[in-house]
Amino acid sequence: METTIWQPTLENELVRLRPLHRSDYEELYQVASDPLIWEQHPVYSRHKREEYDPFFIESLHTKKSLVIIDQKNQKIFGSTRFYDYNQKDSSIKIGGTFLDRAHWGGGYNFSIKELVLDYAFRYVDKIIFEIAEENIRSQKGTSRFGIEEKGHFMKEIYGKEYPYILYELTPQLWANAKRMRA
């Protein structure tokens with residue numbers, strides 16, 4: 001499957017997601033420069049340019065990353081990405097998501113995930129999330145999507161290993177989560 005399939009433009013009344021561009025660096029870094037965004041992430045110093053730069057470059061090179069734009073003011077307030085598409089397993093991972101604190105809660109996270117999950121399920125039968133064990137905020141936020149915990153593993157990030165939890169979402173679980181939300 002072509003990489004461009006995983007870099008769509010998606011939108012609803014709250015947000016617009018579009019492919020990440022090199023020119024988004026500074027605006028996205030202004031969001032990422034808040035240390036509280038990263039406090040539960042293994043790379044908790046990603047708010048510093050020297051830690052953020054490799055993340056941004058990696059995101060750009062995947063050609064599967066999206067910036068998140070507030071429909072009210074047209075400003076970038078975060079980013080997310082697809083990664084590790086597995087045609088044989090009919091799965092893709094979604095992660096690397098971060099939002100500025102002004103957009104935590106208030107339906108933004110669900111609105112963003114609804115767009116990317118509905119889109120991904122057009123192409124795969126399974127969506128996988130990898131969340132650091134210490135990232136309770138992401139675990140709670142993602143639990144609203146009907147995901148199932150599948151196990152624990154060690155994930156390497158820039159040469160260091162960190163404990164992570166693997167979660168899986170199927171179309172049936174996602175449909176149930178959306179019904180519960182309605």
Efficiency of FRET between ARG22 and TYR158 - r from beta-carbon atoms, R0 25 angstrom, step 0.05: 0.75
Potential lengthening between ALA175 and GLU133 on full extension [0.36 nm per residue; Cα-Cα distance subtracted]: 12.5 nm
Whole-Hz couplings from phi, Karplus 6.51/-1.76/1.60, listed for region 42-47; x for Gly and Pro: x, 8, 5, 9, 5, 6
Dipole axis of region 1-95 (+1 Lys, Arg; -1 Asp, Glu on Cβ), positive-most option in PRO8, VAL67, HIS47: PRO8
MRE, 222 nm, helices only [DSSP H, n ≥ 4, -39500 (n - 2.57), over the chain, to nearest 500]: -9000 deg cm²/dmol
Restraint check, LYS48/LYS126; LYS64/LYS150; LYS72/LYS150, Cα-Cα greater than 31 Å: LYS48/LYS126; LYS72/LYS150
Kirkwood hydrodynamic radius over Cα pairs of region 1-87, then Stokes diffusion coefficient at 20 °C and 1.002 mPa s, in µm²/s: 157
Loop-located trypsin sites (Lys or Arg not before Pro) in region 112-182 whose Cβ has at most 14 other Cβ within 10 Å (DSSP): ARG122, ARG144
Ascending count of other beta-carbon atoms within 10 Å, so fewest first, for LYS64, LYS48, LYS93: LYS48, LYS93, LYS64
Dipole in debye (nearest 20) - the chain, about Cα centre, beta carbon charges: Lys, Arg +1; Asp, Glu -1: 460
Most mobile listed residue (LEU14, LEU60, LEU117) in the chain, GNM with C-alpha springs under 10 Å: LEU14
Net lengthening on full extension, LYS75/ASP53 (0.36 nm per residue, minus Cα-Cα): 5.9 nm
Amide hydrogen neighbours beyond the local backbone of SER79, cut-off 5 Å, H modeled: ILE68, PHE98
Candidate aspartates and glutamates - alpha carbon under 12 Å from LYS155, same-chain residues fewer than 8 apart omitted: GLU130, GLU133
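Each value in this text was obtained by applying a stated rule to the coordinates, not by laboratory testing. Worth saying up front: this structure is predicted, and the values here are computed from it rather than measured. Cβ sites come from the backbone with ideal geometry, for glycine too, and all protein chains shown count toward neighbours.
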